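Computed from the coordinates by the stated procedures, all read-outs in this text should not be read as laboratory data. Here the structure is a predicted model, which means the values were calculated and not measured. In this analysis, Cβ positions are derived from the backbone assuming ideal geometry, glycine residues included, and neighbour counts consider all displayed protein chains.
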Amino acid sequence: MQPLWEAAEEQVLKGHTLSVGVSDLDSNQLKELYKWAKVKPSINQVNLDSCCVIPQDMAEFAKANNIQLLTHSDPKVVLDSESMKRILRPYLAEDRVNNCLLLILVTSTAKLDVQACWQACCSLPGL
């Protein structure tokens with residue numbers, strides 16, 4: 001997750017987007033991200049499909065660190081990986097297809113055009 005988060009942080013630091021958030025991180029994952037992230041997540045979307053309440057430790061951590069918790073009950077798989085690969089393949093080299101979905105989701109609400117999103121995705125180091 002770190003290379004993708006750092007690419008998203010860069011967009012915030014350049015002023016292209018105001019904030020970034022995450023989805024479906026559990027309490028430990030959220031705390032770990034918070035430790036090393038330069039730009040802290042402002043939102044964690046929590047899927048209540050598998051439970052009925054937000055875990056207490058996550059709620060306390062989010063409140064203490066000004067992280068908004070949003071809930072959803074989306075299915076775990078909205079678009080299967082093969083369908084996503086078919087969509088991305090015309091635009092990306094084969095070795096980039098599997099690594100771009102997270103960055104696309106992170107930048108989809110940013111003030112960036114689609115071409116800028118693709119360029120950011122394709123320029124990620126080490127992917």
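Brief remarks on what is shown
- Here the 3J(HN,Hα) profile of the stretch 4-16, calculated from phi with Karplus coefficients 6.51, -1.76 and 1.60 at θ = phi - 60°, is 5, 5, 5, 5, 5, 4, 4, 5, 5, 5, 7, x, 6 Hz, Gly and Pro shown as x.
- Between Ser73 and Glu6, the C-beta separation translates, for a Förster distance of 22 Å, into a calculated FRET efficiency of about 0.15.
- Using the Cβ of Leu25 as centre and a radius below 12 Å, the other residues enclosed give a net charge of -2, where K and R count +1 and D and E count -1.
- Checking every one of the trypsin sites (Lys or Arg not before Pro) in the stretch 6-56 against DSSP loop status and a limit of 14 other Cβ atoms within 10 Å picks out Lys14, Lys38.
- Built amide H within the under 5 Å cut-off of Gln68, gap 5+: Ile43, Asn44
- Structure note, pairs Lys35/Lys63; Lys31/Lys63; Lys14/Lys63: Cα-Cα distances above 21 angstrom occur for Lys14/Lys63.
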